[in-house]
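We did not get these values from a lab; they are worked out from the coordinates using the rules stated. Here the structure is a predicted model, which is why all the values come from computation and not from measurement. Positions of Cβ are backbone-derived with ideal geometry, glycine not excepted, and every protein chain shown enters the neighbour counts.
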RNA sequence: GCUUCCUUAGCUCAGUCGGUUAGAGCAUCUGACUGUUAAUCAGGGGGUCCUAGGUUCAAGUCCUAGAGGGAGCGCCA
């Protein structure tokens, strides 16, 4: 008999018809006469109730139907006699596909901490919480592709292995086929990469931006969406060693249009979640964060603040003058600490902030220099609770200015001739941003730790599963 | 990487001033109950108190080192 997904079965009104569902048992309860199985197949956060008459199905058979077991249940779809669900299935046959020994199965019906579930990450997708998170994660990926596709962007695949060492976004994981027990070194004691797989030092990418710019200089509007790797020893609830990043790059736009894009894009994703993940968001709202849905709604209803760095510093210094205490100083030229960002976003404005025009010393070499010669056209989006969710900028398209900055910073560009060629041949004004996918997930799900919004998190000292 | 906290039953956690046989809730098992909603009720089993040293008549408890985990900070997305 053809299997019906539980999501569909719960919507059906074909009372009296025979139906088959397959899934994993969440719980079973009952008495000598009747037993109730809560069954979930991942198609929805909701379970379907299988009612088992013990005169029809033996206790011997039912013994194997424990929390975590996988079963196929056939029966008659009926209006529920009990409260709590509209429909249920009066079972006529139950086949056990796979048992789950209650003595060793790590998931129980009740109370697990997020920390514990990380230790059983291979099974945690079977929990309500992770089912919800993973369905939302899928939806956010589809929302992102849909947004860019509908706006005329092309999905551009940038390499995961790179030989350019100057992306400046942090420590890289090296990629080599060399025998690490017997490294060939030259007369200066340097490792000789000439016989390595790529003939030079290679690493996993920390950003697809530089290659993305090449795409934008031909296709006009592109975006990347792929895994990104940082070997930084970051131990926080907001960092992963392997994460997914979205990086649109757009020719012929300026700062205002870049900010419009950042804001419109984020609102589109949040709106998508509210519209397409209502059940899952409601669960997360009920179980973890009673203000989640209201917070998501407020983001799409509100206009983001657009705040030049210099004005931000003025606001912070005014606050300090009025007695607000911060751990770190914030004078013009300093990078803002988390506490400063949070003050602006959560206390002063109480809404998302796009901060612009940062001192050039605290930003990357490729950002477009303003006429004041002191600030660059960065456009970072700061969100409540998350902090920086987007890092964006207008790019410096002038070859001489870009080279001057590269030389001033002594960035090794000998392997980067191809990037500089974008400014030598048909250079164009352009801009783009990077969005950490899991940071978006943190915001949309209300989860507190980034390790809980990706199926198998990689962090320092942790690469199980 | 820095700071700080935590580690006791399958899970979540109590455990007083260092003192007899280490407890609870949930889970699990057994039994009861004619429709339950994380069912309820009764009973049973279940412990390398993270590891290694040390102090002490006596250590889950105090000290030292280590391991694992969380949080804050830094770096960043």
Exercise. With a/c under 1.5 counting as rounded, go ahead and sort chain A into rounded, prolate or oblate using the C-alpha gyration tensor (a ≥ b ≥ c being the square roots of the eigenvalues; past the cut-off, prolate if a/b is larger than b/c, else oblate).
Key: prolate
Practice problem: Treat each spin label as a single point 7 Å out from the Cα along the C-beta direction, and report the residue A:464 to residue A:287 distance in nm. | Solution: 2.0
Quiz item: Sorted from largest down, what three extents in whole angstroms do the Cα atoms of the stretch A:1-119 have along their principal axes?
Solution: 44, 30, 28
Exercise. Give, in nm to one decimal, the length gained when the segment between residue A:31 and residue A:260 is fully stretched (0.36 nm per residue of separation minus the Cα-Cα distance).
Key: 76.4 nm
Exercise. Given the peptides A:328-336, A:350-358, A:181-189, arrange them by the average over their residues of other C-beta atoms within 10 Å, most packed first.
Key: A:350-358, A:328-336, A:181-189
Exercise. Quote the relative contact order of chain A in percent (integer), defining contacts as alpha-carbon pairs under 8 Å separated by 6+ residues.
Key: 13
Self-check item: Alpha-carbon Rg with Dmax, taken over the stretch A:344-456, Å
Solution: 17.1, 47
Quiz item: In degrees from 0 to 90, rounded to the nearest 10, what is the angle of the helix A:399-408 Cα long axis to the longest principal axis of chain A?
Solution: 90
Quiz prompt | Potential extension, residue A:372-residue A:116 segment - 0.36 nm per residue separation minus Cα distance | solution = 86.9 nm
Exercise. May I ask for the distance between the Cα centers of the stretch A:426-465 and the stretch A:123-137, given as a whole number of Å?
Key: 17
Practice problem: Please find the FRET efficiency linking residue A:361 to residue A:85, where r is the Cβ-Cβ separation and R0 is fixed at 60 Å, and quote it to the nearest 0.05. | Solution: 0.50
Quiz item: In nm, what is the difference between 0.36 nm times the number of residues separating residue A:180 and residue A:56 and their Cα-Cα distance?
Solution: 38.2 nm
Quiz item: For q = 0.23, 0.26 Å⁻¹, what log10 I(q)/I(0) does the stretch A:1-64 give under the Debye formula with an equal point scatterer on each alpha carbon and no solvent?
Solution: -1.06, -1.19
Practice problem: Just order A:98-105, A:145-152 by mean Cβ neighbour count inside 10 Å, highest at the front, would you? | Solution: A:145-152, A:98-105
Self-check item: Pairwise label distance in nanometres, residue A:76 with residue A:278, each label 7 Å out on the Cα-Cβ vector
Solution: 3.2
Exercise. Give me the distance in nm between label points sitting 7 Å out from Cα along the Cα-to-Cβ direction at residue A:187 and residue A:97, one decimal.
Key: 6.7
Exercise. Just check the stretch A:107-257 against the gyration tensor rule for me: Cα atoms, a ≥ b ≥ c as the square roots of the eigenvalues, rounded for a/c under 1.5, and otherwise prolate or oblate depending on whether a/b exceeds b/c.
Key: oblate
Quiz item: Angle, helix A:292-301 long axis vs. longest principal axis of chain A, Cα atoms, 0 to 90°, nearest 10?
Solution: 50
Quiz item: Does anyone have the angle between helix A:278-287 and the longest principal axis of chain A? Alpha-carbon axes, 0 to 90°, nearest 10?
Solution: 90
